[in-house]
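Asks: What follows is a single structure, and I will ask about it in a moment.
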Amino acid sequence: MNKGGVPGILTRKWYLYLTEFFAGMAVMAVELGASRLLAPYFSSSQIVWTIIIGTIMIAMALGNVFGGRWADKNPDPARLYRRMLIAAVWIAAIPLLGKLVIAGVAALLVVTVSTNFLVWAAFLTCMLVFVFPLFLLGTVTPSLVKYTVGSLDDSGKTVGTLGAFNTVGSIIGTFVPTFISIPAVGTAVTFLIFSGVLLVLGLAYFISVKKSPVLCIVTGVLFLLCCFGSTRLSFAFWEHNLAYEGESVYNYLQMKDDETRTALSTNVLFGVQSVYVKSGALTGMYYDYAMAAPLMACEADADKDILVLGMGTGTYAKQCMRYLDGVTAEGVEIDEKITALAHGYFDLPEEIPVTTYDGRAFLNVCEKQYDVIMVDAYQDITIPFQMSSKEFFTLVAQHLKENGVMVVNMNMRSDREDGINQWLSDTISEVFCDVYTVDVPGATNRELFATNDYLALTRLSDNIEGMEENSELRQMLEALTAELYRYLPGDRVLTDDRAPVELLGMRAIDDIISDELSYYKEAFRREGIAGLLK
């Protein structure tokens, strides 16, 4: 202790500035980690991001208020560093307990809500998992001001320096998880790294003042237990047959593999993004129906140049090359880790080029024109607004040949008159003269075909007639043409300036979830918890 009764370590302002620096860093790392923890379950949409940011800002604001009050009432620095130790252990436990909380919240909401399922689930999870530790970290700044401001003469300089250290720490805490730790070691270890830094800061204080050895031992042991448990529980911890589970800069990645097929999903709850049927047969999914596009654009024996925006593991490109003559395909995929999985597990040939880029950005620099452009970049509620606007579809039309066809996989079928698919279809109709849609049987997908060639359907019919009568492809295409109908456009147009795709998508996914959960709600009504367990 110094003469003023302040612990010696606190007289070294660099330690106080380090505390502020790493507290700011930890807050941003937890915020980004929260997004990655929630994304596999509730998507990474702007809606989920808004909930994360909103709840965290509430926690920080309350932390600032109470931290200031507590510092004025009792300026003992041990209270601050005790809170930091608690926050460190809590954050270390998030990868383990957070997934269990998500499962519990989802199970509770299954039987209690009918609308806004994702909003309620994400909000309750954030409140239960993230608010408390970030509230504790919010008390750091006002407490440190109490210890660092020696007089009013230098108060402005001192507070400004603290703010600068907090800001710089926040900047580093933004970039390190996104570009280094999460892609390299995953979300769970990222939480552990930043919680470990907070733990070291807290322990350094108590060791320097030779106080609270029991607290130091207990928090150290709890942290080690969290290190062991948090890395053992996978995102889909109820699954026991996963061939691969990992993360990239952009996505959570889950792969299932059996004797008949390999499937990739970027969400543990909703849908499959890519599939590889090992026998070479049709997938039974939307890729099959999308194969009508080349036959609308070209004669059966003509060369067909195809571009896929949202290549995934290359299912559509490979299937077109397998079943149709004269096909040359290339793809654009923003996630290079998915492309690596495509080559390693999904038998994507090296001769199919894949550009790692955003689909719209690729079109902006591409001068080539194609017979078919497939837009397959929509994942659950996560619909890139820049690939859903009139300006984007105009760009696609400019890269199509005279008889070219755009095919869009709209993955959330909705019968709402003002639903996301109706907005997309109206927008596309602003650019293309002829728009046709068809629902994929047994799925929530709807395929849309758009062209400025009035002979497209006639060409498709002629090409089908020329196929082997009992072939699998012909039977599938005949089923498609029987259900294909011309879309009658309205006046709902999405633009770069106004594209509320996530709100519209949330309504659609609410309808889908409501239909899926009706069975479980009925089981709970009849048999209670036992019915859900069955």
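The values are calculated or read from the model by the stated rules, or taken from the named source; none is laboratory data. Note that the coordinates shown come from a computational prediction; the quantities given were computed from them, not determined experimentally. Using ideal geometry, Cβ is built from the backbone for each residue, glycine included, and neighbour counts are taken over all protein chains shown.
Asks: State whether the residues of segment 213-236 include one that is hydroxyl-bearing (Ser, Thr, Tyr), part of a helix (DSSP H, G or I) and over 19 Å from PRO95 (Cα atoms).
Replies: Within segment 213-236, the subset hydroxyl-bearing (Ser, Thr, Tyr) is 219, 230-231, 234.
Then drop every residue that is not part of a helix (DSSP H, G or I), which leaves 219, 230.
So of that shortlist, the ones also over 19 Å from PRO95 (Cα atoms) come out as none.
No, because not a single residue in segment 213-236 is hydroxyl-bearing (Ser, Thr, Tyr), part of a helix (DSSP H, G or I) and over 19 Å from PRO95 (Cα atoms).
Asks: Tally up the residues in segment 431-472 that are surrounded by fewer than 21 Cβ atoms within 10 Å (Cβ to Cβ), in contact (Cβ under 8 Å) with a residue 60 or more places away in the chain and in a loop (DSSP other than H, G, I, E, B), please.
Replies: Of the residues in that region, 5 qualify.
Asks: Going through segment 382-417 one residue at a time, which ones are closer than 14 Å to LEU504 by Cα and modelled with pLDDT under 90?
Replies: Taking segment 382-417 and keeping what is closer than 14 Å to LEU504 by Cα, we get 382-385, 388-389, 410-417.
Listed by number, the residues that qualify are THR382, ILE383, PRO384, PHE385, MET410, ASN411, MET412, ARG413, SER414, ASP415, ARG416, GLU417.
Asks: Next question. Looking at segment 174-181, is at least one residue of a type outside the set (D, E, K, R), surrounded by 20 or more Cβ atoms within 10 Å (Cβ to Cβ) and either modelled with pLDDT of 95 or more or part of a helix (DSSP H, G or I) (or both)? First the steps, then the outcome.
Replies: Initially, segment 174-181 is screened for residues of a type outside the set (D, E, K, R), giving 174-181.
In the following step, the residues that additionally are surrounded by 20 or more Cβ atoms within 10 Å (Cβ to Cβ) were identified as 177, 181.
Applying the additional criterion that residues be either modelled with pLDDT of 95 or more or part of a helix (DSSP H, G or I) (or both) yields 177, 181.
Yes, that holds for at least one residue.
Asks: Restricting attention to segment 363-376, which residues are among the acidic types (Asp, Glu) and either surrounded by fewer than 16 Cβ atoms within 10 Å (Cβ to Cβ) or in contact with a helix residue (DSSP H, G or I) (Cβ under 6 Å, 6 or more places away or on another chain) (or both)? Steps first, answer last, please.
Replies: Applying the first criterion (among the acidic types (Asp, Glu)) to segment 363-376 yields 367, 371, 376.
Within segment 363-376, GLU367, ASP371 qualify.
Results for (1) over 23 Å from the mean Cα position of the chain (by Cα); (2) of a type outside the set (S, T, N, Q); (3) at positive phi, shown as yes or no for each residue.
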{"position": "ILE193", "(1), (2), (3)": "no, yes, no"}
{"position": "GLY196", "(1), (2), (3)": "yes, yes, no"}
{"position": "LEU199", "(1), (2), (3)": "yes, yes, no"}
{"position": "TYR205", "(1), (2), (3)": "yes, yes, no"}
{"position": "LYS211", "(1), (2), (3)": "yes, yes, no"}
{"position": "LEU233", "(1), (2), (3)": "no, yes, no"}
{"position": "ASN251", "(1), (2), (3)": "no, no, no"}
{"position": "VAL268", "(1), (2), (3)": "no, yes, no"}
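Asks: Looking at segment 283-293, which of its residues are over 15 Å from TYR436 (Cβ atoms), in contact (Cβ under 8 Å) with a residue 60 or more places away in the chain and not hydrophobic (A, V, I, L, M, F, W, C)?
Replies: Just the residues of segment 283-293 that are over 15 Å from TYR436 (Cβ atoms), to begin with: 283-285, 287-288.
If we keep only those that are in contact (Cβ under 8 Å) with a residue 60 or more places away in the chain too, we end up with 284-285, 288.
Correct list: GLY284, ASP288.
Asks: Moving on. For segment 479-495, what are the residues that are surrounded by 14 or more Cβ atoms within 10 Å (Cβ to Cβ) and over 17 Å from VAL407 (Cβ atoms)?
Replies: PRO489, ARG492, VAL493, LEU494, THR495
Asks: Confirm whether LEU144 is hydrophobic (A, V, I, L, M, F, W, C) and touching a Lys or Arg at 6+ places or on another chain (Cβ under 6 Å).
Replies: Values: hydrophobic (A, V, I, L, M, F, W, C): yes; touching a Lys or Arg at 6+ places or on another chain (Cβ under 6 Å): no.
Answer is no for this residue.
Asks: Here's a follow-up. Quick one: which of ILE420, ILE373 is modelled with pLDDT under 90, among the aliphatic types (A, V, I, L, M) and in the same structural domain as ASP303 (by TED's automatic domain parsing)? Full working, then the answer.
Replies: Numbers: ILE373 fails: modelled with pLDDT under 90.
Testing whether each residue is modelled with pLDDT under 90, among the aliphatic types (A, V, I, L, M) and in the same structural domain as ASP303 (by TED's automatic domain parsing) leaves just ILE420.
Asks: I need the helices (runs of 4 or more DSSP H) fully contained in segment 270-362, keeping only those with at least 1 residues that are under 22 Å from the mean Cα position of the chain (by Cα) and surrounded by fewer than 17 Cβ atoms within 10 Å (Cβ to Cβ).
Replies: Values: elements: 286-290, 292-297, 315-323, 336-345.
Filter on segment 270-362 gives 336-345.
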